[in-house]
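Participant: Could you have a look at this structure, given as structure tokens, before my questions?
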Amino acid sequence: MGKKNLDWGNLPFGYMKTDKRFVANYKNGKWDNGKLTKDDKVCITECAGVLQYAQTCFEGLKAYTTQDGRIVTFRPDLNAERMESSCKRLEMPVFPKERFVQACLDVIKANKDWVPPYGSGATLYLRPYMFGSDAVIGVKPSQEYQFRILVTPVGPYFKGGVKPITVRLSDLDRAAPHGTGDIKAGLNYAMSLHNIVDAHNNGFAENMYTDPATHTYIEETGGANILFVTKDGKLVTPKSDSILPSITRRSLVQVAKDYLNMEVEERKINKSELADFAECGLCGTAAVISPIGKINDHGKEIIYNDGKDEMGPVLNKLRDTLTGIQMGTIKAPEGWIYEIK
Ligand SMILES: *Cc1c(COP(=O)(O)O)cnc(C)c1O
């Protein structure tokens, strides 16, 4: 064994079959013991609940090699808690938090040769997911479920340096008012696909969604939360019941307060305020922070960081601090880092 011989720095952000994945099955009202398996194929009935009525949810987190060569992962307990909310909302059984965390650690350990080396910019992405696996034809929850965690090495999100992106304010919605916007359900992504393809066809990297009831307040993009920095250096992030509670955003808010002594506001942000901010960015597990250079509001452009072709200084500091915590060069708050031994 030993590290896989991959061109770590040039990996795409895509799927690659690795050695082992975790699989557990729920039947007759309980979860089995679960196991690590080489088998990457899922075998379910043609009438499975996931295939007919999209009864599925997922999570995303990463494992890293630290500067001193340890393998770690970041706050998997929060992914377990968020998946619990997703499952409850979709009438799916909860995979217990302690078991979720242990399965993450086990699957990383079983694939440790696939964890990219420190400094490559690449990471091992973990994708826990659950779906209804038995036959349903009338609309009702499945009786049987499968919980799996696959892992795949992914390349640096920004190859050749971080470049600010241009997003558009969207006329379509990603979530209904009082709907499922605050859970990580596959269905939220299925319905966003048309709009993201249309955005790309029109030269935009992402859609920025507003609140679905009134289209007045900023919410998030299809797969990332939004951060703003005021001209006097305050971090401002939208508050709403229909945005997904990003673990990266919650961590950055704490980093801003406790490490950088910044003021933070979590509040409704009217789209009329967009032009008042100095910096804007997206945050999520994939890129940590990606800078937004421009928001296009139906032809009117709002420009951040004075139109410079780089991340603004405040977001850059936030990103460096959080990635330092993840990579072990900055001391982490208690309980954030789980080491795989
Ligand atoms: C997963 C996701 C995010 C980012 O969450 P992290 O926990 O930071 O990765 C943001 N918005 C949506 C809609 C998501 O699905």
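The values are calculated or read from the model by the stated rules, or taken from the named source; none is laboratory data. Everything numeric in this text was worked out from a predicted model, so none of it was measured. We place every Cβ from the backbone using ideal geometry, glycine too, and count neighbours over all the protein chains shown. Side chains included, ligands, DNA and RNA excluded: accessible areas come from the protein's heavy atoms. Shrake-Rupley method; radii C 1.70, N 1.55, O 1.52, S 1.80 Å.
Participant: At a 1.4 Å probe radius, carbon and sulfur cover how many percent of the accessible area of the chain? The partial results should precede the final answer.
Facilitator: Values: 7830 of 15780 Å².
Carbon-and-sulfur percentage of accessible area, whole number: 50.
Participant: So which trypsin sites (Lys or Arg not before Pro) in the range 159-250 pass both tests, a DSSP loop state and at most 12 other Cβ atoms within 10 Å of the Cβ?
Facilitator: LYS231
Participant: Where the eigenvalues come from the Cα gyration tensor of the range 8-154, what are the semi-axes √(5λ) of the equivalent ellipsoid, largest first, in whole Å?
Facilitator: Values: eigenvalues 172, 47, 34 Å².
Sorted largest first and rounded, they come to 29, 15, 13 Å.
Participant: Additional query: By its C-alpha gyration tensor, with a ≥ b ≥ c as the square roots of the eigenvalues, how is the chain shaped: rounded for a/c under 1.5, else prolate for a/b larger than b/c, else oblate?
Facilitator: It is oblate, given that a/c is not under 1.5 and a/b is not larger than b/c.
Participant: Quick check on the chain: helices-only [θ] at 222 nm, where DSSP H runs of length 4 and up contribute -39,500 (n - 2.57) each and the sum goes over total residues. Nearest 500, please. Walk me through the numbers on the way to the answer.
Facilitator: Details: 7 runs with 73 residues, N = 341.
Calculated from helices alone, the mean residue ellipticity at 222 nm is -6500 deg cm²/dmol.
Participant: Please list, by residue number, every one of the GluC sites (Glu not before Pro) in the range 248-341 that is coil in DSSP and has at most 16 other beta-carbon atoms within 10 Å.
Facilitator: GLU263, GLU310, GLU334
Participant: Quick check: pseudo-label points 7 Å beyond the Cα along Cα→Cβ at ILE137 and THR329, how many nm apart are they?
Facilitator: 6.0
Participant: Only sites in a loop by DSSP and with at most 16 other Cβ atoms within 10 Å count here; which GluC sites (Glu not before Pro) in the range 50-111 make the cut?
Facilitator: In loop regions of the range 50-111 (DSSP not H, G, I, E or B), the sparsely surrounded GluC sites (Glu not before Pro) are GLU91.
Participant: Another question, then. When we measure straight from the Cα of LYS38, which lysines land under 16 angstrom away, once same-chain ones fewer than 8 places off are left out?
Facilitator: Within the straight-line limit of under 16 Å, LYS38 reaches these lysines: LYS17, LYS20, LYS109, LYS112.
Participant: On average, how much accessible surface per residue is there in the range 8-154, in Å², for a 1.4 Å probe, leaving out ligands, DNA and RNA? Could the numbers behind the result be given before it?
Facilitator: On the way: 6600 Å² over 147 residues.
Averaged over the residues of the range 8-154, the accessible area is 45 Å².
Participant: Once the Cα gyration tensor of the range 45-119 is diagonalised, what are the square roots of 5 times its eigenvalues, in whole Å and ordered largest first, as equivalent ellipsoid semi-axes?
Facilitator: 30, 14, 10
Participant: With the chain treated as a Gaussian network of Cα nodes joined by springs under 10 Å, which of LEU36, LEU235, LEU126 yields the largest mean-square fluctuation?
Facilitator: LEU36
Participant: Provide the convex hull volume over Cα atoms per residue for the range 165-323, in Å³.
Facilitator: Given the Cα convex hull of the range 165-323, per-residue volume reads 102 Å³.
Participant: Calculate the spin-label point distance for ASN33 paired with HIS194, positioning each point 7 Å from the Cα along the beta-carbon direction, and give it in nanometres.
Facilitator: In this crude label model, HIS194 to ASN33 measures out at 4.8 nm.
Participant: Of all beta bridges DSSP finds with both residues in the range 165-323, what is the antiparallel percent, to the nearest 5?
Facilitator: Rounded to the nearest five, the antiparallel share is 60 percent.
Participant: Given a 1.4 Å probe, how much area per residue of the range 166-229 is accessible, in Å²? Each step should come with its number before you reach the end.
Facilitator: Details: 2540 Å² over 64 residues.
About 40 Å² of surface per residue is accessible.
Participant: Ok, one more. Want the number for ASP171 to PHE13: 0.36 nm per residue separation, take away the alpha-carbon distance, what's left?
Facilitator: 54.1 nm
Participant: Compute the distance in nm between two label points, each set 7 Å from the Cα along the Cα-to-Cβ direction, one at LYS112 and one at ALA213.
Facilitator: The answer from the label model is 5.1 nm.
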